[in-house]
Amino acid sequence: MRLCFAFFILLVAFTGVSAETPAIRADGEQVILADGPGRGIQASPAVACGKSRYLVVWREGWHGKGGSARIFAARISSKGDRLDREGIALAPVESGVQEYPRVAAASDMFLVVWQDAASGEYDIVSRTITTAGALGSPTTLADWEYDQILPAVAYSSENESYLVVWEDHHWGFGEDWDIYGRRVSTTGAALGDL
């Protein structure tokens, strides 16, 4: 647990990187963690520690409506070695913009969530990825009218499920913003209705 926490502190500050920007491994050696397929800006990192692996997620490309940002992930060994040289593309579409990724771990399964504007307005989407790198299907967790933004996710071993929360504007823009949440199973299925 101490190694996971120390590595997490190093990764939290890892933002706005290019292929030349190093991070520091737990043993002090530098390693590039986010080196995607070359779509430009790599930013908004998040990290989780699962069974024998970390998963780093980030946004790559220009963000904001009208941008072309996509969500990528890279598995990192417990010793800090990058296992996915160019990252794993998580966002399921090539239109719109995906941004603000967050990740939580359940032993050998990670759940990644992000805000996705493929429909023209932001929705909350999730996808599972195993410590071996296998991807589950993308799941839309919230797609009401107007925007659902800024997701966060945590895992409960007691309930064996994730909780995803977000800022919700489905009553319109202005002062009617709320915080909504939804439980997600370890297989990535949404549990219950909104």
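The values are calculated or read from the model by the stated rules, or taken from the named source; none is laboratory data. Computed from a prediction, not measured in an experiment: that's the story for all the values here. Using ideal geometry, Cβ is built from the backbone for each residue, glycine included, and neighbour counts are taken over all protein chains shown. We work out accessible area using only protein heavy atoms, side chains counted, and drop any ligands, DNA or RNA first. Shrake-Rupley method; radii C 1.70, N 1.55, O 1.52, S 1.80 Å.
Of note:
- Surface accessible to a 1.4 Å probe, per residue, for the residues of region 89-194, Å²: 47
- Full extension of the segment from Ser78 to Ser119, taken as 0.36 nm per residue of separation minus the current Cα-Cα distance, would add 11.0 nm.
- For the pair region 156-172 / region 95-146, the C-alpha centres are spaced 12 Å from each other.
- Apolar share of the accessible surface for region 43-194: 48 percent from carbon plus sulfur atoms, 1.4 Å probe.
- Charged side chains reduced to their Cβ positions (Lys and Arg at +1, Asp and Glu at -1) give region 65-116 a dipole of some 140 debye around its Cα centre.
- Cα-based shape type of region 69-194, given that a ≥ b ≥ c are square roots of the gyration tensor eigenvalues and the cut on a/c is 1.5: oblate
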